[in-house]
Each structure stands twice: as C-alpha cells, then as structure tokens.
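Asker: The structure follows.
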Amino acid sequence: STPTQLLPFLLLLARTYSAYCDDDDDLLTFKLNNGIHIPLVGMGVGNLQHELIPQVVSANLMPSQDIRLIDTAHNSHNEQILGQAVASFDAASRAQTRGGGGSSDKPPPLHVVTKVWYTHLGYERTKISVRESLDQLASKNTRQVYVHMLLHWPRCNDELEWMNCEEEENNLPQFVKDAGPPPHLDKQNAWKDSWRALEEMYNEHAAERHRSAGVDGKPIIASIGVSNFELDDMKALIEFAHVWPQIYQGNSWLIFHDPHLMTFLRAHDIFFQTYAVMFGIIQRRQDSPSAFHILSTVSRELTETIQSSNPDNVATQPTEATIMLAYLVHSNIGIIPRAAATAHQHENSPSSIKAVIQHLTPDRIEKLERAIPALMKGEKLYTSVSFLNALEGAILIHWMHPDTNEEVVVSDLIHPGSVEVQQTHPGHIFVAYDAERKIRKEFVVGAGYGEEQQFRVEL
C-alpha cells in the first residue's frame, strides 16, 4: 500500500484526541472496551537492567515526567523490583510532605502491563503466573495499581532461534511442571486454557474495579489481553472468548505491514499498544533519509511554534522521536518506549508528547502521513513530478545538476499529449527542450517529499 492509500485507514483508526483526556488533569488516555481508561503514554522496563529500574522508575514518576503506565513481563523477573521501586518513591514523597515540602494528595493510580510467558500457558500454570505477578507488584503504599494482564505469546515456536521450548520447560520449578502439561506439546490449545484462566481471574476482580480500590490496596486486574498473536489466533480467540480482549500489544511494524490485523482489532474495539517504536522506525533513518527529513522539518517548525507561544519554556524542543510518538498517540495507539537516559525520558514524556499534539495542524499531519509509512518500511521517499507535452512536437526532459548546473537527459522523446513522470527531490530543476532545442522551459520542483507536482510544457 502507498502512504496515500494508508491515510484513510489511519483516519479510521484515530478517534478524537480530546475525548480521551482525563477530565481531572488532562491526561492522554484511551477508553478500553470495558470502560477502563488506560494511559496512552507509558514506559517499558521489561529488558531494562535490574539495577537501573529504581532510578528510572523514580525519575518517571516525578510530576515533571508524570508517567502513569509501566510495561514489563513476568519473564523479565523484575515485577518485585518494580513494586518496591514504586513503594520507595511514594514513601520518599510522603516523607517530603511531612517535612512541609510536598503535596498531601494521594499518589495517582499506576497502570502496569505485565504478561504470562509461554512456559506458563495452560489453565493452572497461567493462574500461578498471574498470582505471582500480583503478589510481586503489591506494595505497602497508598497508590492503587491497575494491572493489565496479557498472554505474552500464543505458543513457544521452535523455529525462532531464541525460543528454547524443551530447555525452558526442563528449567521450570517442579511445582509449575506439576500444575499442568507442557504447553509446547499442545501448541494449538494451551493458550486457550490460559485465556479461560485469565477470564476467571478478571471476573474475580470485578468488584474491585467497580469501586476503583483493591482489597487492602492490592493490585486490581483492570483488563486482559494478548501480545504477538497473529490474525488467525485472534479470530479463534474472539470466537470462543466470554470476555473479549481489551488490549493487543504488538511490534510497531504491524501498524503498516499488517493492515488486516489492525482492521480486525479496530472492528472488535481492541486497543493497540505498540513496542519497538525507536528500533523499528527511528533507526531506519539511513534507509529513508528523505522521510526522516520530513520529521526533522516538523520538529524545527514545532520548536519555533511552541517556544514563540511560551518563551519561558525553552526546554521544549520536540525531537524526531517525540514527533513520531506524538503521531502514534494522536492516532490512539499506545506507546511504551524504554529509556534509561534522562534526555530520552523527557522526549518520551506525556507532557512533551501532548505539547506536540496540540500543534499538529492538518498540514503537519499530512506530512507525517507521507513520511512515517516510508520510515516504518525502510523505503526511500521521493517527490513525483510529471511533465505533460502540450507542444506540437516532441520534447526531451533534462535534469539540472544542483552543483554543476549540467543538464542531463532523463527521458526518451515525449510526443505531443504524452506524459513523463520522474522521481526527484524538492528544489531540483528540470529543463524541457523541443527536438530542435529552439524552445527551452525550466521547471523548479516545489512539492515536498511524498508529494506530487504536475508541469505543463507549453509556449
């Protein structure tokens, strides 16, 4: 599909941004199909080094960052570290309050997305995994934790080099092995039994969800969902599920490479949350420099706009990464970028993203609709120009070298009424000559990357 063909799809995917802002503090949120509002902007700690988690969590819970959603996984073995980091931050905040230097308000709720690993697929094994996650995320503080519990993968796949089905099964604790059969021996059905377990545990938390408070401050299962499922698995899930999934978490490349899955998720009101945005897109700048150039242009424009409207806020300089994330959030796609560096954490913060969204004019959105699909696919982006020969005789099209002004023939003879199309760059110059070189017409490309421009060669 071309970027132009994908535009209607994304417009259908996007819903009105203002409709999903929390009334109390204008948070960027999305209403799940069960009525729960989930933050659109989060942070990932799944593969973050354990020793970095306390500092990163503390920095991102600060009001300046105001992260309200953290993504991890049971197989990352860091849920307890995360729970303790949140408790330590809240304890320090309370101590500061008692000292007269902080607010006495109760800390805002925290949403945590975590996942059941494929070794724990199956009814009883999944229940073990979920209980362990809830216990490890529990902490003695005043903050309510909402847990979004996903199945990490539908099955272990021996064809993937990093999946070691037999070895991982052998390394499990004996009590997990005793809880149910090895899921890699029943790859088509084990995840279905897991979903039945998730449904039951989700329903057990219905009362807590209704009153927005867990028993003794324990985490509440706010939603259930899946990650990395293919379309056939999703169709099978919808067919037998009593509770439809509220969340689908997947790689960023799915947004443009798998429109069938994205259409299915939209049709069934399943929220799409994406990971690997930076690795999958921003690092492809060398494959599609012209597309990345558009992001850089929008970044410069927004920096000037934001700073002119708020001269005191000199720190707000949206980078290409922030532009990319804001575009996804504007389309109501959840993001969970991982960042250990302070500068990157600021780029990814809700406040930075919201500042960009507020200035995403239709013209800027149109530019991003052209650039981002090319970046996601690693495709080069050009400007398409066409030349209609309105003369009575044949013509030739020449391209003018921008450094030497040498005119290079780039077309065959174009007969009267015919059209020649060239892929080029903004600002480049073309020259049309008649066959006898008595007529010379010069054309400057004014269209941007991903745009089209039509020229008429006439007297």
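Asker: Got at least one residue in the range 380-398 being open to solvent by less than 60 Å² (accessible area, probe 1.4 Å), part of a helix (DSSP H, G or I), over 28 Å from P289 (Cβ atoms) and touching a strand residue (DSSP E or B) at 6+ places or on another chain (Cβ under 9 Å)? Outline the logic, then answer.
Answerer: Residues of the range 380-398 open to solvent by less than 60 Å² (accessible area, probe 1.4 Å): 381, 383-391, 393-398.
Now restrict to residues that are part of a helix (DSSP H, G or I): none.
Checked against the condition, which is being open to solvent by less than 60 Å² (accessible area, probe 1.4 Å), part of a helix (DSSP H, G or I), over 28 Å from P289 (Cβ atoms) and touching a strand residue (DSSP E or B) at 6+ places or on another chain (Cβ under 9 Å), the range 380-398 yields no hits at all.
Asker: Another question, then. Report whether or not A343 is open to solvent by 60 Å² or more (accessible area, probe 1.4 Å), in a helix (DSSP H, G or I) and either aliphatic (A, V, I, L, M) or farther than 30 Å from Q249 by Cα (or both).
Answerer: On the way: open to solvent by 60 Å² or more (accessible area, probe 1.4 Å): yes; in a helix (DSSP H, G or I): yes; either aliphatic (A, V, I, L, M) or farther than 30 Å from Q249 by Cα (or both): yes.
Yes; evaluated as a whole, the condition is true for this residue.
Listed here are the residues, each with its yes/no results for (1) part of a helix (DSSP H, G or I); (2) open to solvent by less than 20 Å² (accessible area, probe 1.4 Å); (3) of a type in the set (S, T, Y).
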| site | (1), (2), (3) |
| --- | --- |
| T126 | yes, yes, yes |
| L150 | no, yes, no |
| N157 | no, no, no |
| W162 | no, no, no |
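Asker: Check the range 104-117 and report whether any residue there is within 26 Å of P39 (Cα to Cα), open to solvent by 60 Å² or more (accessible area, probe 1.4 Å) and without any contact (Cβ under 8 Å) to a residue 12 or more places away in the chain. First the steps, then the outcome.
Answerer: Quick first cut of the range 104-117, residues within 26 Å of P39 (Cα to Cα) only: 104-117.
Narrowing further to those that are open to solvent by 60 Å² or more (accessible area, probe 1.4 Å): 104-106.
Keeping just the survivors that are without any contact (Cβ under 8 Å) to a residue 12 or more places away in the chain gives 104-105.
So far as the range 104-117 goes, yes, one or more of its residues are within 26 Å of P39 (Cα to Cα), open to solvent by 60 Å² or more (accessible area, probe 1.4 Å) and without any contact (Cβ under 8 Å) to a residue 12 or more places away in the chain.
Asker: Restricting to the range 35-75, count the residues that are more than 20 Å from L325 (Cβ to Cβ), open to solvent by less than 20 Å² (accessible area, probe 1.4 Å) and small (G, A, S).
Answerer: 1
Asker: A further question follows. Just to verify a result, which residue in the range 406-455, among those that are under 37 Å from the mean Cα position of the chain (by Cα), of a type in the set (S, T, N, Q) and open to solvent by 40 Å² or more (accessible area, probe 1.4 Å), is nearest to F292 (Cα to Cα)?
Answerer: My answer is Q423.
Asker: Could you grab me the full set of residues in the range 128-148 that are acidic (D, E) and either without any contact (Cβ under 8 Å) to a residue 40 or more places away in the chain or buried (at least 24 other Cβ atoms within 10 Å of the Cβ) (or both)?
Answerer: Taking the range 128-148 and keeping what is acidic (D, E), we get 132, 135.
Matches in the range 128-148: D135 only.
Asker: Something else now. Would you please name the residue that is most open to solvent (accessible area, probe 1.4 Å), looking only at residues in the range 301-318 that are outside any helix (DSSP H, G or I) and aliphatic (A, V, I, L, M)? I'd like the intermediate steps shown before the answer.
Answerer: Here is the first cut: in the range 301-318, the ones outside any helix (DSSP H, G or I) are 310-318.
Add one more test, that the residue is aliphatic (A, V, I, L, M), and what stays is 314-315.
Numbers: V314: 97, A315: 66 Å².
Among those that are outside any helix (DSSP H, G or I) and aliphatic (A, V, I, L, M), it is V314.
Asker: Determine, yes or no, whether H293 is out of contact with any helix residue (DSSP H, G or I) (no Cβ under 6 Å at 6 or more places or on another chain), outside any loop (DSSP other than H, G, I, E, B), in contact (Cβ under 8 Å) with a residue 60 or more places away in the chain and open to solvent by 50 Å² or more (accessible area, probe 1.4 Å).
Answerer: Values: out of contact with any helix residue (DSSP H, G or I) (no Cβ under 6 Å at 6 or more places or on another chain): yes; outside any loop (DSSP other than H, G, I, E, B): yes; in contact (Cβ under 8 Å) with a residue 60 or more places away in the chain: yes; open to solvent by 50 Å² or more (accessible area, probe 1.4 Å): yes.
Yes.
Asker: Out of A138, A206, I need the residue that is among the hydrophobic types (A, V, I, L, M, F, W, C) and within 22 Å of G46 (Cα to Cα). Which one?
Answerer: Values: A206 fails: within 22 Å of G46 (Cα to Cα).
One residue alone meets the criteria, A138.
Asker: So, of the residues in the range 319-340 that are part of a loop (DSSP other than H, G, I, E, B) and under 15 Å from the mean Cα position of the chain (by Cα), which turns out to be surrounded by the most Cβ atoms within 10 Å (Cβ to Cβ)? Spell out how you get there, then give the answer.
Answerer: The initial filter retains those residues of the range 319-340 that are part of a loop (DSSP other than H, G, I, E, B), namely 319, 331-333, 336-340.
So of that shortlist, the ones also under 15 Å from the mean Cα position of the chain (by Cα) come out as 331-333, 336-339.
Numbers: S331: 21, N332: 21, I333: 22, I336: 25, P337: 23, R338: 20, A339: 20.
Once the filter is applied, the top-ranked residue is I336.
Asker: Here's something else I'd like to know. Given the structure, is V329 over 29 Å from V444 (Cβ atoms) and modelled with pLDDT of 95 or more? Break it down stepwise before answering.
Answerer: Working: over 29 Å from V444 (Cβ atoms): yes; modelled with pLDDT of 95 or more: yes.
Taking the combined requirement at face value, the residue satisfies it.
Asker: Having 3 or more residues that are in contact with a Ser or Thr (Cβ under 9 Å, 6 or more places away or on another chain), at pLDDT below 95 and buried (at least 21 other Cβ atoms within 10 Å of the Cβ) is the bar; report the helices (runs of 4 or more DSSP H) wholly within the range 179-278 that clear it. Quick ask: steps written out before the conclusion?
Answerer: Values: elements: 190-204, 206-211, 231-240, 254-257, 259-267.
Hits in the range 179-278: none.
Asker: Right, here's the next one. So in the range 169-216, with the set limited to residues that are among the charged types (D, E, K, R) and touching a Phe, Trp or Tyr at 6+ places or on another chain (Cβ under 8 Å), which one is nearest to S139 (Cα to Cα)?
Answerer: Step one: of the range 169-216, the residues among the charged types (D, E, K, R) are 169, 177-178, 186-187, 192-193, 196, 199-200, 204, 208-209, 211, 216.
Imposing the further condition that a residue be touching a Phe, Trp or Tyr at 6+ places or on another chain (Cβ under 8 Å) reduces the set to 192-193, 196.
Numbers: K192: 31, D193: 30, R196: 28 Å.
By that ranking, first place goes to R196.
Asker: Check whether at least one residue in the range 349-366 is at pLDDT below 95, under 22 Å from Q286 (Cβ atoms), open to solvent by less than 50 Å² (accessible area, probe 1.4 Å) and outside any strand (DSSP E or B), and report yes or no.
Answerer: Scanning the range 349-366, I find no residue that is at pLDDT below 95, under 22 Å from Q286 (Cβ atoms), open to solvent by less than 50 Å² (accessible area, probe 1.4 Å) and outside any strand (DSSP E or B), so the answer is no.
The values are calculated or read from the model by the stated rules, or taken from the named source; none is laboratory data. Given the structure is predicted, the values throughout are model-derived calculations rather than measurements. Every residue, glycine as well, gets a Cβ built from its backbone with ideal geometry; the counts of neighbours run over all protein chains shown. We work out accessible area using only protein heavy atoms, side chains counted, and drop any ligands, DNA or RNA first. Shrake-Rupley method; radii C 1.70, N 1.55, O 1.52, S 1.80 Å.
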